[in-house]
């Protein structure tokens, strides 16, 4: 299982590099193409990391620990992906607002902080799960 995870991680890195190389040739890359390439690479990385965590947990402490490691890795990974998407959307809107009205910079930073909080919630959930193992 660990070897499969390593293969998937290598494939995810190659996918991201290939997408970047392809999009570099374009003058203005399509936002959908960039998002699709990043989503594909991050999901493959998440799957491979979760699989490696599960395999390591089963080897060391049994099946229950493997499921706990799998749940913790999915909680942290999916929360970080969600936070990245939220920050991308909120950050783009915040830049537009600050360009129009620079005095609203403080308000937009609050919204960006709320979007970043999603990743912290996932990390806290993962730590709570790992604390029970």
Margin query: Condition (residue is in contact (Cβ under 8 Å) with a residue 12 or more places away in the chain and either at negative phi or over 16 Å from the mean Cα position of the chain (by Cα) (or both)) applied to the stretch 97-107: is it met by at least one residue?
Written below: no
Margin query: Given the criteria in a helix (DSSP H, G or I), touching a helix residue (DSSP H, G or I) at 6+ places or on another chain (Cβ under 9 Å) and over 20 Å from residue 43 (Cβ atoms), does residue 109 qualify?
Written below: yes
Check: For the stretch 79-87, does any single residue satisfy the condition of being surrounded by fewer than 19 Cβ atoms within 10 Å (Cβ to Cβ), out of contact with any helix residue (DSSP H, G or I) (no Cβ under 7 Å at 6 or more places or on another chain), modelled with pLDDT of 75 or more and in a helix (DSSP H, G or I)?
Finding: yes
Note to self: Restricting to the stretch 115-133, name every residue that is at pLDDT 90 or above and either surrounded by fewer than 12 Cβ atoms within 10 Å (Cβ to Cβ) or more than 21 Å from residue 74 (Cα to Cα) (or both).
What the structure shows: 128
Item checked: Test: residue 49 is at pLDDT below 70 and within 20 Å of residue 130 (Cα to Cα) -> yes
Note to self: Condition first: under 30 Å from residue 55 (Cα atoms), out of contact with any helix residue (DSSP H, G or I) (no Cβ under 7 Å at 6 or more places or on another chain) and in a helix (DSSP H, G or I). Can you find one or more residues in the stretch 90-98 that meet it?
What the structure shows: no
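The values are calculated or read from the model by the stated rules, or taken from the named source; none is laboratory data. Here the structure is a predicted model, which means the values were calculated and not measured. Note: ideal-geometry Cβ built from the backbone for every residue, glycine included; neighbour counts use all protein chains shown.
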